[in-house]
Amino acid sequence: MTESGQCFYEKVDKILADYREMKNDILHIEQRYSGVIDLLSAYGILRLLTPECINRFRESYPEIEFSYREYPDREVERRFQKKDGNVAFAIGPFEEGLYEMTPLASCHIKLLVHENHPLALRGTVTAEDIKGEKLFIESSEFKIHHLILEKCREAGFEPDIAFETSGFSLCHKMCRENRGISVILDFVLEDMSTDGLVCLPFRGEGYEWKACMLTRKGEAMTAEMELFRRHVSKWLKDIREGAITR
């Protein structure tokens, strides 16, 4: 390709990128004035809330146009920073100054092993116990991946990552077959079979998966967004108090 041809395609790419950004800006403005809730959610959060939380909101406020999409943790933030969606359920930590945050839930991250694995006899574990083990874990698009990697590096080693996946179910399967170990959230394991498996808490601080509701810094919540925020907060409170079974 000639230099002039390369420049031409670079200009076209720039025009298309600018068009997409302008389109998102226009959609974002329309959403703020039309009572729309366009929710982006990291995988796992709607599972924590239960689908009934969303359905109940829709039933209670049928006049509010509501949509949601699920993505890996980092993709949610990339899209939200580009003004895609107007509310996000995302996993911390977050870059300071970008969002207004409402904490939703904090869940413990635990080590998952087969009952015949030597670590199964431990009451608790540390990052050092991961050393030399085949680790099945969610991909780098998920915050839990980076948290565990950071903990291992703080302990002075690189974990032996056998496979990266986009969901807990494959990690669960590999542990059930005693082909390696994994990390899992306590509330996710509650929804899965624990036959032949042992879930071990980590000693020390920082082994938490923190879910938050985000709106953009400097943008006032619409009345519809505030209704949704209150609904979700009350729903989680009712789950914690046993009024709603998750």
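See the values below:
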read-out: Extended-chain gain in nm, criterion 0.36 nm per residue less alpha-carbon gap, THR194 and LYS217; value: 4.1 nm
read-out: Gyration tensor (alpha-carbon) shape descriptor, region 39-121, a/c threshold 1.5; value: oblate
read-out: Span per principal axis, largest first, for the Cα atoms of region 119-185 (Å); value: 30, 28, 19
read-out: Rh by Kirkwood over Cα pairs, then Stokes-Einstein D for the chain at 0.692 mPa s and 37 °C, µm²/s; value: 162
read-out: Simple spin-label estimate for GLU226 and SER139 in nanometres, 7 Å along Cα-Cβ; value: 4.0
read-out: Residues of region 80-122 with amide N under 15 Å of the 7 Å Cα→Cβ point at LEU46; value: 85-90
read-out: Convex hull volume per residue for region 122-246, taking Cα atoms only, in Å³; value: 154
read-out: Cα centroid separation, region 100-136 to region 170-246 (Å); value: 15
read-out: Label-point gap, in nm, between ASN55 and GLU70 - each point 7 angstrom along Cα→Cβ; value: 1.5
read-out: Protein accessible area in the chain, 1.4 Å probe - carbon and sulfur %; value: 50
read-out: Cα→Cβ-extended label distance, 7 Å offset, between LYS237 and LYS173, nm; value: 4.2
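The values are calculated or read from the model by the stated rules, or taken from the named source; none is laboratory data. Note that this is a predicted model, so its numbers are computed, not measured. Because the Cβ atoms are built from the backbone with ideal geometry, glycine has one as well, and the counts that use them run over all protein chains shown. Areas reflect the complete protein model, heavy atoms only, side chains present, ligands, DNA and RNA absent. Shrake-Rupley method; radii C 1.70, N 1.55, O 1.52, S 1.80 Å.
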